[in-house]
Amino acid sequence: MRIPAARIDRHRGGWWWAAGAALLFTGIVCCAQDQMPTKKSDYSEMTKAPQSAVTRHNPLENDPDAVAAGDKLFERHCSECHGKTAEGTKKGPSLRVPDVQQASPGTLFWLVTNGVVRRGMPVWSKLPEPQRWQLVSYIKSLTPASPAVQSEGNSSSPKD
Ligand code: HEC
């Protein structure tokens, strides 16, 4: 008995082509979404900082001028990608997100020093260390983009 298997196979093949085309199309649509106003980052690079870097203290922590100096440096070197107020652009992610704000100063210093070159974040080891710490002070002074406002006073009613 002879089943026209070839015909069936060709028919199936057609479906595979359709599925392939659909996948390709989905891929194109997904990539187009990369044109969003801010570049996406999973902020995972900071988790790779060695412990000795994470625990490093910001020597300028109590320097009242560090934030203002860092602001100027940020505008000059970083705003092109991260935006004037670190809100993010299509070239660099926002630095006002919890992942960055909750990172230790030492972690941020480490990241700025080493960059994430393969993902478009340059190395800044050429900036003098005090300037890198000023940048850290500035980043740390920022308020998160989406403030979790829960500053309601405790509303326990007075008993007497
Ligand atoms: C050419 C564009 C560009 C410039 C200029 C730039 N960055 Fe970035 N930066 C990026 C990109 C892209 C990432 C995301 C890297 C990733 O995906 O991990 C990033 C990530 C970061 C992060 C960590 C957040 C994360 O995504 O993990 C910090 C902190 C940061 N940058 C600070 C700075 C500072 C401070 C400067 C200026 C000295 C600066 N950047 C200049 C592109 C840039």
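Derivation of every value follows stated rules applied to the coordinates shown; laboratory data play no part. Please read these numbers as outputs of a predicted model, since none were measured by experiment.
Miscellaneous remarks
- Counting only lysines at least 8 places from residue 39 when in the same chain, those with an alpha carbon closer than 20 Å to its own are 84, 90, 91.
- 3J(HN,Hα) from dihedral phi, the range 72-81, Karplus parametrisation 6.51/-1.76/1.60, rounded to Hz, x for glycine, proline: 4, 4, 4, 4, 6, 9, 10, 5, 3, 9
- Relative to one another, the C-alpha centroids of the range 57-104 and the range 40-55 are positioned 16 Å apart.
- Anchor residue 48: lysines whose Cα lies under 20 Å away (excluding residues fewer than 8 positions away in-chain): 40, 140
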